[in-house]
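Some notes on the structure that comes next.
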Amino acid sequence: MTAALLAVAGALLLWPHGRVVLRHRLRRVAPGPAGRRELRPLPLPALAAVLAGGAAAVLSTILVAVLAAGCAAVAARGWQARRREAAGTARLGTLGELLAALAAELRAGRSLEEALRGAVADCPDRACADALVRAVRAPGAGPPGRVAGAEGVPAALDRLSAAVVLSARTGCSLSAVVSAVEDDLRDRQRRRRELLVATAGPRASARLLAGLPLLGLAMGSGVGADPWHVLTRTGTGQVLLVAGVLLEAAGIAWTGRLVRRTGP
């Protein structure tokens, strides 16, 4: 009965109009800003867990469905983390270009307000541009605000605000101070790129080792041993399957922790 219901859910998901209906069903209700309740999309890890678990339940056993749901949720979270890191790197590059344009405008003899407008005029990332404007126009009003998906941007904007305050108090050249903040940001980006290059080998080795169990299953099936049946239909095989998945997840998590600890 459960398999039949999951098969119907999968068919609804694949049906063109059914995907729209299912998208509205897989939403959670949360309070809105004005006190009313509004619909929010189901998080990607939860959605991946539901789909992977449902497919595995139809094709195999409940134990495999649980393991597949957990692995899909972890994989979705990792994918989101990589996307956030890539967005943060891109926004750091955008902020560096904005600071370079601002310093060039100031060296050309323009006032701070004119230089700021000229620097952010053609910026494609409006969130980053608005954060830069707040950091320059109100340097003493507290943090300029966090920019989504950019871990190092708030720290750079804090340094820019401090530079504006220093220039106002001491009369030093603001263009020189902005250039110093830009150089520091460029140096951080360069160290991050060097770190990615240095850890490319270990990360590739970790991905290769993570895929070896699947290769072993394929090779066992190729010689007629049917390891999947042993792992999913026998008691000893199920214990070994759970232990193997847990050890695999622990190894991947430990490798990721070692790579992150080498960062600046």
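Please treat every number below as a calculation from the coordinates, not as lab data. The structure presented is a predicted model; accordingly, all values stated were derived computationally and were not measured. Positions of Cβ are backbone-derived with ideal geometry, glycine not excepted, and every protein chain shown enters the neighbour counts.
Projecting the Cα atoms of THR255, GLY220, ALA210 onto the charge dipole of segment 200-264, computed from C-beta unit charges around the Cα centre, puts THR255 farthest toward the positive end. Stretching ALA225 away from LEU166 to a fully extended chain increases their span by 13.9 nm, per 0.36 nm per residue minus the current alpha-carbon distance. Computed extension length for THR61-ALA104: 9.0 nm, one decimal, from 0.36 nm per residue of separation with the Cα-Cα distance subtracted.
Contact order for segment 87-197, expressed relative to its length and based on alpha carbon pairs under 8 Å spaced 6+ residues apart, stands at 33 percent. Taking every C-alpha pair closer than 8 Å and separated by at least 6 residues, the mean separation divided by the residue count of segment 152-264 gives a relative contact order of 23 percent. Of ALA129, LEU102, ALA163, which is farthest along the charge dipole of segment 87-197 in the positive direction, counting Lys and Arg as +1 and Asp and Glu as -1 at C-beta? Sorting the options by dipole projection puts first ALA163.
Fully extending the segment from ARG261 to ALA218, taken as 0.36 nm per residue of separation minus the present Cα-Cα distance, adds 12.0 nm. Kindly provide log₁₀ I(q)/I(0) values, in the same order as q = 0.25, 0.29 Å⁻¹, from the Debye equation applied to equal alpha-carbon scatterers of segment 196-264. One equal scatterer on each Cα of segment 196-264 leads to -1.07, -1.24.
Gap in Å between the Cα centre of segment 189-230 and the Cα centre of segment 87-102? Here the answer is 34 Å between Cα centres.
So for segment 157-206, what are the equivalent ellipsoid semi-axes in whole Å, largest first, each being the square root of 5 times an eigenvalue of the Cα gyration tensor?
The equivalent ellipsoid of segment 157-206 has semi-axes of 36, 9, 4 Å.
Evaluated with a Cβ-only charge set (Lys, Arg +1; Asp, Glu -1), segment 159-259 carries a dipole of roughly 280 debye about its Cα centre, given to the nearest 20.
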